[in-house]
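Asker: Got a structure for you, written out below as structure tokens; questions coming shortly.
Values quoted throughout were computed directly from the atomic coordinates according to the rules given, and no laboratory measurement underlies them. Remember, it's a predicted structure, so these values are computed and weren't measured experimentally. Every residue, glycine among them, receives a Cβ derived from its backbone with ideal geometry; neighbour counts consider all protein chains shown.
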Amino acid sequence: MTDKDLVKETSEGGQELGPAAATPPEERRRERGAILRVPESHPAVDLADLPEAGAEDETMIINMGPQHPSTHGVLRLMMELDGETVLRTKPVIGYLHTGMEKTAEELTYVQGGTNVTRMDYLSPLTNELVYALAAEALLGVELPPRAVWIRMLLAELQRISSHLMWMATNGMDLGSTTMMIFGFREREMVLAFFEKTTGLRMNHNFIRVGGTAADLPDGWEDDVTVLCDTIEARLDDYDELLTGQPIFRERVEGVGAISAAEAIALSATGPILRSTGVPWDLRRTMPYLAYDQVEFDVIVGTYGDNFDRYAVRLNEIRESIRIVRQVVEKMPSGPYRVLDRKVTPPPRARIDESMEALIHHFKLFTEGIRVPEGEVYVAVESPRGELGCYMVSDGTGKPYRMHIRAPSFVNLQSLPVMLHGGLIADAIASISSVDPVMGEVDR
Amino acid sequence: MGLEDLNRNFFTARLEDLVKWARRNSVWPATFGLACCAIEMMAVGTADFDVSRFGMEVFRASPRQADLMVVAGRVSQKMAPVLRQVYDQMMEPKWVISMGVCASSGGMFNNYAIVQGVDQVVPVDVYAPGCPPSPETLLHAILTLHEKIRTGQITRRRATTPPVERTAGWLREEPEAVRLGTPR
Amino acid sequence: MSGPEPETGTPPATGATEGGLAGASGRGVAGGGGSDVPQLVGRAGVQIFFPSRERYHDLLAELQVEGFEMLADLCGVDYLTHPGRTLPAGVEPERFEVAVVLRRLDPPGMVRIRVQVPEADPVLASAWDLYPGAEAMERECFDMFGIRFVGHPDLTRILMPEDWEGHPLRKDYGVGRVPVQFKEAPGPR
């Protein structure tokens, strides 16, 4: 069978949601499970519990996106509505497909960071982190402690900025423009620190294989402390503005609920899973970096609705600030990158003096780091959930295959379950509460 | 009725200049965020950078009400037809800023999935470099576009733009692009 | 455990262990599910199963009973230009491979499954009826590699346009690089 036949065979009906009338009854019965993305026989789904679809001529299919202000980028949703009630939903994605996994096979391990950092553009440092960890696991190098703690500091600041961005856009989707201005205001503070440290506001390529690109700037402790103090105080403002506000609570409480069993069955991770009450946080359950040496709480919700997801994220900012304060206290001194010349390029000054350093520098940047053969799966907790990197090396300077397990991509599958039976006006709040980053969904 | 006040409170100008002045000061952008650059585009609208200083804070959700499309991010092969459709839905006069290297030239993603430059799909007025361009760069691109509107023709339609006529040593007064960065 | 050798002899590095697994808690399957399947031990003691295509679905079901209730990741690999890789005895290398990561939430644990899928007949049983979360991942795998999953409810392209030809992440599919010409660029010196 050729590729062409495959395409012909499978693109019938295409990626879109077909009208209910056009499908035979047995197909529809199967589809009701399928569009909910859970098999009918699965214990997590109680089909009897679902509201029945109305007569066929009473439902309509509407299309939201890919260019729509509330779909967070280029997400396209097809929804079947019965009046205002959402029956079926199908996310159509791929409008930002960038071919990054193919490009990653073309780039050396030194260059690869520039590629992965553009996936999840709200937390670029986390992407670099998982890429570097995967390559280092294959290399088998041991990181100096300062590199580990710098990475932790940056990852937690990134979580703060990402969650602040989420608070801002969530506020915007719910009509709270004040929250949007506030969220961006605080995010700019974090970005200012990133710019000072890495030279860029976004897409840093700062966490490299074997450590970081540079040491932290002088006086970083003061910057970070001021940052923590300011944001911590302003979080109380948010609490006052949103948590205690009846309009906001009316719009999010009990909306878009998902149960723990459904979330686990749909492989949802991050705030979605934690909002259902499952204390699953890779920083705690499978510690990487030095997360077993800092104190923090894993925030969980109870009902798995939009309010719980909001509360989980708000309090995760507090926990991240707690971790950042501990990192400031405990930051060890020493080198910030591995002192292995097969991994780390020599300092610029050495190149002028030493022929050997020049050769190493040249080899490293033309051929890349030689990574031993093997394959590995490494996962970290990104602000959106489990961010995994499956890397296969064939012993050359470029990854043979690099696959990113993107949390937004997987979390989007839980959207049809959240939206089912709700009102279309609430759908906006639910999409926002999943926090999809399309760059990461489509890669 | 009130005509006696005409001896003050009015000024005269060419209608063309007035139209251009009005257009320049109320360029409403469409919300067309694609990737990383969209975040910086949103940042431009917020308190720190405050694009409302230039009369542009009204990001329109409907392309029918927008004058400017900021193509913020990489354009995939799947998105290109959608992009063109959104552009076609916008009313004349309309302008396009290609924000970031991905939109301008494909950037670092020269592969099967990405359109190598959005100017293959829609005509572009101003290219903003950077990956992503900082909000200041986007503001600069916006000011460049303003200058272009101020010095351009009001009736020029894109499809029928005549080539710039060059006479011996003399360039007609409608420059195709204006370089604002150089001090004058 | 019948796994002959770890993939490499290197010790797990600080901060870079596989999935952050540390200690014995991540090791393997207590109840012995899939003990007849060829295995290897990956970095940081992660158990890797190499079932045949026929055994794959049953193994998933057995592991689900053992408590591995979340399918964290599923992806394809095309080994066209890198055929010689470490596999346990009795496993024939094929062109495609599907790698699956399963997670146990309590106590935290992780196993991986690597299934060989031949080029001539790229078909595999779908994990969707056991793990509904595999739905999008299998669609992506089909889109990128052309591996068809039997039993999948909606196996269509997910990232590429519907009328796209070919499967981009296959090794014999070109990158699609377009030569870029800069108009003002000076000619070759």
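Asker: Per the helix-only calculation at 222 nm, which mean residue ellipticity applies to chain A, given -39500 (n - 2.57) for every DSSP H run of n ≥ 4 and division by its residues, nearest 500 deg cm²/dmol? Intermediate results must be reported in sequence, preceding the final value.
Answerer: Values: 19 runs with 207 residues, N = 443.
About -14000 deg cm²/dmol.
Asker: If you average 1/r across every pair of different Cα atoms in chain A and take the reciprocal, what Kirkwood value do you get, in Å? Intermediate results must be reported in sequence, preceding the final value.
Answerer: Working: mean 1/r = 0.0430 Å⁻¹.
Computed over chain A, the radius equals 23.3 Å.
Asker: Can you list the residues, at least 5 places off or on another chain, whose amide H is less than 5 Å from the amide H of A:Glu386, using H built in the peptide plane?
Answerer: Amide H neighbours of A:Glu386: A:Thr269, A:Gly270.
Asker: I need the semi-axes of the equivalent ellipsoid of the range B:13-156: take the C-alpha gyration tensor, multiply each eigenvalue by 5, square-root it, list largest first in whole angstrom.
Answerer: Numbers: eigenvalues 122, 58, 35 Å².
Computed over the range B:13-156, the values are 25, 17, 13 Å.
Asker: In the range B:1-81, what chymotrypsin sites (Phe, Trp or Tyr not before Pro) fall in a loop by DSSP, with at most 12 other Cβ atoms inside 10 Å? Can you show the working numbers first?
Answerer: Values: sites: B:Phe10, B:Phe11, B:Trp21, B:Phe32, B:Phe49, B:Phe54, B:Phe59; in loops: B:Phe10, B:Phe11, B:Phe32, B:Phe49, B:Phe59.
Here the sparse-neighbourhood loop sites are B:Phe10, B:Phe11.
Asker: Taking θ = phi - 60°, what integer Hz values does the Karplus form 6.51 cos²θ - 1.76 cosθ + 1.60 yield along the range A:202-216, in sequence order, with x for Gly and Pro?
Answerer: Computed from phi, the couplings for the range A:202-216 are 9, 6, 6, 6, 9, 7, 10, 5, x, x, 10, 6, 8, 7, 5 Hz.
Asker: Can you give the net charge of the other residues whose Cβ lies under 13 Å from the Cβ of A:His204, counting K and R as +1 and D and E as -1?
Answerer: Numbers: positive: A:Arg118, A:Arg151, A:Lys196, A:Arg201, A:Arg208; negative: A:Asp120, A:Glu128, A:Glu195.
Combined, the nearby Lys, Arg, Asp and Glu give +2.
Asker: DSSP loop GluC sites (Glu not before Pro) in the range A:263-319 with at most 11 other Cβ atoms within 10 Å of their Cβ, which ones?
Answerer: Numbers: sites: A:Glu295, A:Glu316, A:Glu319; in loops: A:Glu295.
Hits after loop and neighbour filter: A:Glu295.
Asker: Now for a separate question. Express the relative contact order of chain A as a whole percentage, based on alpha carbon pairs under 8 Å and six or more residues apart in sequence.
Answerer: On the way: 797 pairs, mean separation 102.6, N = 443.
So the answer I get is 23 percent.
Asker: Here's another thing I want to ask about it. Starting from the Cα of A:Asp239, step 7 Å along the direction of its Cβ; do the same at B:Trp28; then give the gap between the two resulting points in nm.
Answerer: Modelled inter-label distance: 4.1 nm.
Asker: Then there's this: To check you understand DSSP bridge types, tell me what percent of the beta bridges within the range B:13-156 (both residues inside) are antiparallel, rounded to 5. Walk me through the intermediate numbers first.
Answerer: On the way: 1 of 13 bridges.
DSSP beta bridges in the range B:13-156 are roughly 10 percent antiparallel.
Asker: I've got another one for you. Over what distance in Å are the Cα centres of the range A:214-237 and the range A:367-443 separated?
Answerer: After rounding, the separation between the Cα centres reads 29 Å.
Asker: Related question: Tell me, what is the FRET efficiency for B:Asp88 and B:Asp17 to the nearest 0.05, using R0 = 41 angstrom and their Cβ-Cβ distance as r?
Answerer: 0.90
Asker: If you don't mind, another one. For the pair A:Arg185 and A:Ala214, what calculated FRET efficiency results from E = 1/(1 + (r/R0)^6), where r is the Cβ-Cβ distance and R0 = 25 Å, to the nearest 0.05? Don't skip to the end; give the middle numbers.
Answerer: Details: r = 27 Å, r/R0 = 1.10.
Calculated value: 0.35.
Asker: Which FRET efficiency, nearest 0.05, do B:Glu57 and C:Val91 yield, Cβ-Cβ r, R0 45 Å?
Answerer: E between B:Glu57 and C:Val91, to the nearest 0.05, is 0.15.
Asker: If you take each beta carbon of peptide A:143-156 and count the beta carbons of other chains within 10 angstrom, what is the mean? Please list the in-between numbers first.
Answerer: Values: counts 4, 2, 2, 0, 2, 3, 1, 0, 1, 1, 0, 0, 0, 0.
Counting other chains' Cβ atoms within 10 Å and averaging over A:143-156 gives 1.
Asker: Can I ask one more? Per residue of the range A:224-236, in order, report the coupling 6.51 cos²θ - 1.76 cosθ + 1.60 (Karplus, θ = phi - 60°) as ³J(HN,Hα) in whole Hz, putting x for Gly and Pro.
Answerer: Rounded to whole hertz, the list is 5, 5, 4, 4, 5, 4, 5, 5, 4, 5, 6, 4, 5.
Asker: Would you please give the residues with an amide H less than 5 Å from that of A:Arg401, counting only those at least 5 places away or on a separate chain, with H modeled from the backbone geometry?
Answerer: Sorted by chain and number, the residues that satisfy this are A:Val392.
Asker: So who's got an amide H within less than 5 Å of the one on A:Leu75, skipping anything under 5 residues away but keeping other chains? H placed 1.01 Å off N, in plane.
Answerer: Under 5 Å from the amide H of A:Leu75 lies no amide H from a residue far enough along the sequence or on another chain.
Asker: What distance in nm separates the simple spin-label points at A:Tyr303 and A:Arg249, each placed 7 Å from Cα in the Cβ direction?
Answerer: Each label point is offset 7 Å from its Cα along the Cβ direction, giving 1.0 nm.
Asker: Within 10 Å of each Cβ in peptide B:31-44, how many partner chain Cβ atoms are there on average? Round it to a whole number, please.
Answerer: On the way: counts 4, 3, 6, 8, 11, 11, 2, 6, 11, 4, 0, 6, 8, 0.
Mean partner shielding for this stretch: 6.
Asker: Give A:Lys102/A:Lys342; A:Lys196/A:Lys342; A:Lys398/C:Lys171 a once-over and call out the pairs whose C-alpha atoms are over 23 Å from each other. Walk me through the numbers on the way to the answer.
Answerer: Numbers: A:Lys102/A:Lys342 25 Å; A:Lys196/A:Lys342 29 Å; A:Lys398/C:Lys171 14 Å.
Too far apart for the 23 Å limit: A:Lys102/A:Lys342; A:Lys196/A:Lys342.
Asker: Hey, rough spin-label estimate for C:Asp106 and A:Glu84, points 7 angstrom out along Cα→Cβ, what's it come to in nanometres?
Answerer: 3.9 nm
Asker: Turning to a different aspect of this structure: Lys and Arg at +1, Asp and Glu at -1: add these up for the other residues within a Cβ distance under 15 Å of A:Leu314 and post the number.
Answerer: Working: positive: A:Arg159, A:Arg187, A:Arg234, A:Arg249, A:Arg274, A:Arg309, A:Arg313, A:Arg318, A:Arg322; negative: A:Glu186, A:Glu232, A:Asp236, A:Asp237, A:Asp239, A:Glu240, A:Glu253, A:Asp297, A:Asp305, A:Asp308, A:Glu316, A:Glu319, A:Asp435.
Cβ neighbours under 15 Å give a net charge of -4.
Asker: For the range A:431-443, what does the Karplus curve 6.51 cos²θ - 1.76 cosθ + 1.60, with θ = phi - 60°, yield as ³J(HN,Hα) per residue in whole Hz, taken in order and with x for Gly and Pro?
Answerer: Values per residue, Gly and Pro as x: 4, 4, 6, 6, 6, x, 10, 5, x, 8, 5, 8, 6 Hz.
Asker: What is the range B:13-156's relative contact order, in percent, from Cα pairs under 8 angstrom and six or more apart in sequence? Before the final figure, lay out each step's value.
Answerer: Details: 259 pairs, mean separation 36.6, N = 144.
Relative CO of the range B:13-156 lands at 25 percent.
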